[in-house]
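Everything on this sheet refers to the single structure shown next.
Just so you know, all these numbers are worked out from the coordinates, no wet-lab data involved. Everything numeric here is computed off the predicted structure, so don't read it as measured data. Here the Cβ is made from the backbone with ideal geometry for all residues, glycine too, and neighbour counts use every protein chain on show.
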Amino acid sequence: MVVSLNELKSQESGVVTQIEGGREMMNRLEALGIRPGKRITKISSMFMRGPVTVQVDRSQVAIGFGMACKIFVETGHSV
């Protein structure tokens, strides 16, 4: 099942399948290690559109809610 990153529950993970956004956003996410094919885990999020903390490889980073809405992950529940 493919969902946006902000729809994952805390501690739920998936593989990034698609990122919607412009070149600047893509470059920023690439610098953080977030790219299609990478496993990403949602660590926490603030209530009501706050930052979303995720783990990629062994690094934890916070990204904005709007950015999280544009990152789509496959959760593996459909397998």
Long-range Cα-Cα pairs in the chain (distance over 17 Å), rounded percent = 35 percent
key: the chain, relative contact order [Cα under 8 Å, separation at least 6], %   = 43 percent
task = Using a 10 angstrom cutoff on alpha carbons, build the Gaussian network for the chain and name the most mobile of Ser44, Ser13, Ser59.
result = Ser59
key: Value of [θ]222 nm, deg cm²/dmol, for the chain, DSSP H segments ≥ 4, -39500 (n - 2.57) each, nearest 500   = -5000 deg cm²/dmol
inquiry  = Can you pull out the chymotrypsin sites (Phe, Trp or Tyr not before Pro) in the chain whose DSSP state is coil and whose Cβ has at most 16 other Cβ atoms within 10 Å?
reply    = Phe47
inquiry  = Which residue, Asn6, Phe47, Gly76, has the largest displacement toward the positive end of the dipole of the chain when charges sit on each Cβ (Lys, Arg +1; Asp, Glu -1)?
reply    = Phe47
ask   = When the dipole is taken about the Cα centre of the stretch 5-79, and only Lys, Arg (+1) and Asp, Glu (-1) are charged at their Cβ, what size is it in debye, to the nearest 20?
value = 120 debye
